[in-house]
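As structure tokens, the structure follows; a few thoughts come after it.
The values are calculated or read from the model by the stated rules, or taken from the named source; none is laboratory data. These numbers come from a predicted model, not from an experiment. Using ideal geometry, Cβ is built from the backbone for each residue, glycine included, and neighbour counts are taken over all protein chains shown. SASA here: full protein model, heavy atoms, side chains in, ligands and nucleic acids out. Shrake-Rupley method; radii C 1.70, N 1.55, O 1.52, S 1.80 Å.
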Amino acid sequence: MVTKIDHIGIAVKNLDEALKFYEEVLGIKCVGTEVVEEQKVKTAFLPIGDTEVELLEATDEDSPIAKFIEKRGEGIQHIAYRVDDIEKALEEVKERGIRLIDEKPRRGAGGAKIAFLHPKSTFGVLIELCERE
Ligand code: ZN
């Protein structure tokens, strides 16, 4: 079903400070930022090899990212797996009794179609399925 790790989502309190670390210390260059209004986050994309690091900063205190940081602190928030057909993938995981956060795909950063699986069904990891054109 999945073809690769599309990106790793990391929740940070301050995007600019985090970017300094990633760009200046690790040498991974940011290729763009985007505000995703629906999720109340500002994201930065840092391609590395065949995958990407996605830094996420909350733009509002009731953003899922703000809630995550409040509960667990900064750190890895989700892992996104690339799929070719997200509708089909969602149908398949649903048939297997996997708990979904999103029954239907929605628009993520970069125009991707994304949907989250519930960590209760995935051994504690928030999994994003991600289809790109
Ligand atoms: Zn993501």
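Filter region 34-52 down to the residues that are among the hydrophobic types (A, V, I, L, M, F, W, C) and either open to solvent by 50 Å² or more (accessible area, probe 1.4 Å) or without any contact (Cβ under 8 Å) to a residue 24 or more places away in the chain (or both) and list them by number.
Val35, Ile48
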- Task: Looking for whichever is crowded, with 17+ Cβ neighbours inside 10 Å, more than 18 Å from Glu128 (Cβ to Cβ) and among the hydrophobic types (A, V, I, L, M, F, W, C) here; the options are Leu19, Leu55. Which one fits?
- Result: Leu19
- What do you reckon, is Leu19 touching a Cys at 6+ places or on another chain (Cβ under 6 Å), away from the ligand (no atom under 13 Å from the Cβ) and over 30 Å from Ala89 (Cα atoms)? yes
- Residue satisfying all of: in region 111-125; open to solvent by less than 30 Å² (accessible area, probe 1.4 Å) and closer than 16 Å to Lys94 by Cα; farthest from the ligand (Cβ to nearest atom) among these: Thr122
- Query: Does any residue of region 15-33 turn out to be among the β-branched types (Val, Ile, Thr) and touching a residue at least 40 places away in the same chain (Cβ under 8 Å)?
  - Reply: no
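So, of the residues in region 104-118 that are of a type outside the set (A, V, I, L, M) and modelled with pLDDT under 95, which turns out to be nearest to the chain's Cα centre (by Cα)?
Going through the qualifying residues, I end up with Gly108.
Can you pull out every residue in region 47-104 that is in contact with a Phe, Trp or Tyr (Cβ under 8 Å, 6 or more places away or on another chain), under 14 Å from Leu126 (Cβ atoms) and within 13 Å of the ligand (Cβ to nearest atom)?
Residues satisfying the conditions are Glu54, Gln77, His78, Ile101, Asp102.
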- Message: Being touching a Lys or Arg at 6+ places or on another chain (Cβ under 7 Å) and either open to solvent by 80 Å² or more (accessible area, probe 1.4 Å) or within 14 Å of the ligand (Cβ to nearest atom) (or both) is the filter here; which residues of region 5-16 pass it?
- Response: Asp6
